[in-house]
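S.K.: Okay, handing you the structure first.
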Amino acid sequence: MKIALVIPARYGSTRFSGKPLATIAGKSLLARTWAIGTAAVGIDRVVIATDDDRVAEHARSFGAEVVLTDESCQTGSDRTAAALGLLGESWDAAINLQGDAVLTPPWVLEALAHALRAEPAPEMVTAAVRLDQPRYQEFLRFKREHPTSGTTVVLDARDNALYFSKAIIPALRNSTADPLPPVFRHIGVYGYTADTLRRFAELAPSPLEKAEGLEQLRALENGIPIRVVAVDYRGRTHWSVDGPSDIAQAEAIIGREGELVR
């Protein structure tokens with residue numbers, strides 16, 4: 001199975017214009033994400049997909065391959081689908097690593113690539129981390145200050161997603177129980193078979209997708225199952241850069257835990 005990894009990178013983010021070019025501990029956000037993608041084993045090609053010449057020029061400056069996609073792409077999955085169609089060869093599957101995922105370990109991408117190569121291959125895969133009691137309490141505190149950041153997912157008995165939400169689900173009657181009932185924090189990286197990705201991109205944004213601001217709900221609302229791969233961050237801290245205020249925290253994590261890749 002041939003798998004392409006696409007990094008969607010949009011310059012005109014409403015919350016953080018020019019985000020791909022922002023510097024984090026001496027290196028741009030985009031360069032960091034590209035380094036993570038190229039460090040993952042089991043990926044056949046890594047490309048950055050953007051609609052902006054400034055982003056494209058910067059990406060080429062550190063040796064990345066770039067494809068220019070239309071500015072009408074509404075989500076990272078839509079841009080990944082557009083990029084896959086521009087690569088000029090046949091692909092079996094794609095992984096979408098968002099350009100702000102600067103602290104996603106390469107082994108998370110490897111786990112998704114492994115899942116896509118299963119027989120039979122799932123139509124769509126994503127990653128999640130099961131929270132223990134300390135991480136759950138930390139996440140509760142985080143959500144009080146940032147209610148629209150951070151996503152959880154609930155699973156069925158076959159590890160397929162039942163629902164994703166910006167709320168913490170399931171709601172726990174006893175939030176201090178130890179061990180904690182299954183609460184999974186979603187990691188926003190996706191893999192798809194090429195056929196599923198094309199089908200997804202042809203679908204209109206769905207009601208729940210628009211309500212929660214979560215593109216993966218478009219898949220669930222249209223009957224596309226999403227296999228959730230539980231991953232271990234191996235002591236690393238999950239973080240993404242949604243706005244300028246997130247940069248200081250990302251730099252603090254890198255300073256404390258070291259670089260993911262060099």
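The values are calculated or read from the model by the stated rules, or taken from the named source; none is laboratory data. Just so you know, these numbers come straight off a predicted model, no measurement behind them. Positions of Cβ are generated from backbone atoms using ideal geometry, with glycine treated the same way; all protein chains shown enter the neighbour counts.
Residue by residue, here is whether (1) within 22 Å of Arg10 (Cα to Cα); (2) out of contact with any Ser or Thr (no Cβ under 8 Å at 6 or more places or on another chain); (3) not in a loop (DSSP other than H, G, I, E, B) holds:
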residue: Arg198; (1), (2), (3): yes, yes, yes
residue: Glu209; (1), (2), (3): yes, yes, yes
residue: Asp242; (1), (2), (3): yes, no, no
residue: Gly255; (1), (2), (3): no, yes, yes
residue: Glu259; (1), (2), (3): no, yes, no
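S.K.: Now, a different point. Name, by its number, the condition in (1) in a loop (DSSP other than H, G, I, E, B); (2) surrounded by fewer than 20 Cβ atoms within 10 Å (Cβ to Cβ) that does not hold for Leu214.
M.R.: Evaluating Leu214 over (1) in a loop (DSSP other than H, G, I, E, B); (2) surrounded by fewer than 20 Cβ atoms within 10 Å (Cβ to Cβ) leaves (2) as the failure.
S.K.: Here is a follow-up. Take the residues of the range 24-37 that are within 18 Å of Gly188 (Cα to Cα) and of a type in the set (Val, Ile, Thr): which is surrounded by the fewest Cβ atoms within 10 Å (Cβ to Cβ)?
M.R.: Restricting to residues being within 18 Å of Gly188 (Cα to Cα) and of a type in the set (Val, Ile, Thr), the top hit is Ile36.
S.K.: Consider Val46 against the criteria (1) surrounded by 15 or more Cβ atoms within 10 Å (Cβ to Cβ); (2) aliphatic (A, V, I, L, M); (3) more than 15 Å from Arg79 (Cβ to Cβ): it satisfies all of them except one. Which criterion is unmet?
M.R.: Result: Val46 passes all but (3).
S.K.: Got at least one residue in the range 175-195 being within 27 Å of Phe142 (Cβ to Cβ), among the polar types (S, T, N, Q) and outside any strand (DSSP E or B)? I'd like the intermediate steps shown before the answer.
M.R.: Keep residues of the range 175-195 that are within 27 Å of Phe142 (Cβ to Cβ), which gives 175-191.
The next check asks that each one be among the polar types (S, T, N, Q); those that pass are 175-176.
Okay, now just the ones that are also outside any strand (DSSP E or B), so 175-176.
Yes - at least one qualifying residue is present in the range 175-195.
S.K.: So, one more: Consider His114 against the criteria (1) in a helix (DSSP H, G or I); (2) without any contact (Cβ under 8 Å) to a residue 60 or more places away in the chain; (3) not acidic (Asp, Glu): it satisfies all of them except one. Which criterion is unmet?
M.R.: So the condition that His114 fails would be (2).
S.K.: When you go through Arg79, Arg60 one by one, which is the residue that is of a type in the set (Lys, Arg), modelled with pLDDT of 95 or more and under 21 Å from Leu29 (Cα atoms)? Before the answer, list the steps.
M.R.: On the way: Arg79 fails: modelled with pLDDT of 95 or more.
Criteria check complete, one pass: Arg60.
S.K.: State all residues of the range 1-19 that are among the polar types (S, T, N, Q), out of contact with any helix residue (DSSP H, G or I) (no Cβ under 6 Å at 6 or more places or on another chain) and in a loop (DSSP other than H, G, I, E, B); if no residue qualifies, say none.
M.R.: Thr14, the sole residue that qualifies.
S.K.: Among the residues of the range 93-111, which ones are modelled with pLDDT of 95 or more, over 10 Å from Tyr192 (Cβ atoms) and in contact with a strand residue (DSSP E or B) (Cβ under 8 Å, 6 or more places away or on another chain)?
M.R.: Leu97, Thr104, Val108, Leu109, Ala111, listed by residue number.
S.K.: Look through the range 182-208, keep the residues that are within 16 Å of the chain's Cα centre (by Cα) and either surrounded by fewer than 17 Cβ atoms within 10 Å (Cβ to Cβ) or more than 23 Å from Glu119 (Cα to Cα) (or both), and return whichever of them is modelled with the lowest pLDDT.
M.R.: Top of the filtered list is Gly188.
S.K.: Just checking, how many residues over the range 26-75 are assigned to a helix (DSSP H, G or I), more than 20 Å from Gly258 (Cβ to Cβ) and of a type in the set (A, V, I, L, M, F, W, C)? Before the answer, list the steps.
M.R.: Start the filter on the range 26-75 by keeping residues that are assigned to a helix (DSSP H, G or I), which leaves 29-39, 53-61.
Next cut, more than 20 Å from Gly258 (Cβ to Cβ) only: 30, 53-61.
Next, only the ones that are of a type in the set (A, V, I, L, M, F, W, C) stay: 30, 55-56, 59.
Adding up the residues that qualify gives 4.
S.K.: Another one. Of all residues in the range 48-61, which are aliphatic (A, V, I, L, M) and more than 12 Å from Gly99 (Cβ to Cβ)?
M.R.: Pass one, the range 48-61, residues aliphatic (A, V, I, L, M): 48-49, 55-56, 59.
Ala56 - this is the single residue of the range 48-61 that is aliphatic (A, V, I, L, M) and more than 12 Å from Gly99 (Cβ to Cβ).
S.K.: Can I ask one more? Please determine whether any residue of the range 97-111 is among the aliphatic types (A, V, I, L, M), touching a residue at least 40 places away in the same chain (Cβ under 8 Å), part of a strand (DSSP E or B) and crowded, with 16+ Cβ neighbours inside 10 Å.
M.R.: Scanning the range 97-111, I find at least one residue that is among the aliphatic types (A, V, I, L, M), touching a residue at least 40 places away in the same chain (Cβ under 8 Å), part of a strand (DSSP E or B) and crowded, with 16+ Cβ neighbours inside 10 Å, so the answer is yes.
S.K.: Please find, within the range 142-174, the residue that is surrounded by the most Cβ atoms within 10 Å (Cβ to Cβ) out of those that are at pLDDT below 95 and within 24 Å of Arg234 (Cα to Cα).
M.R.: Gly150
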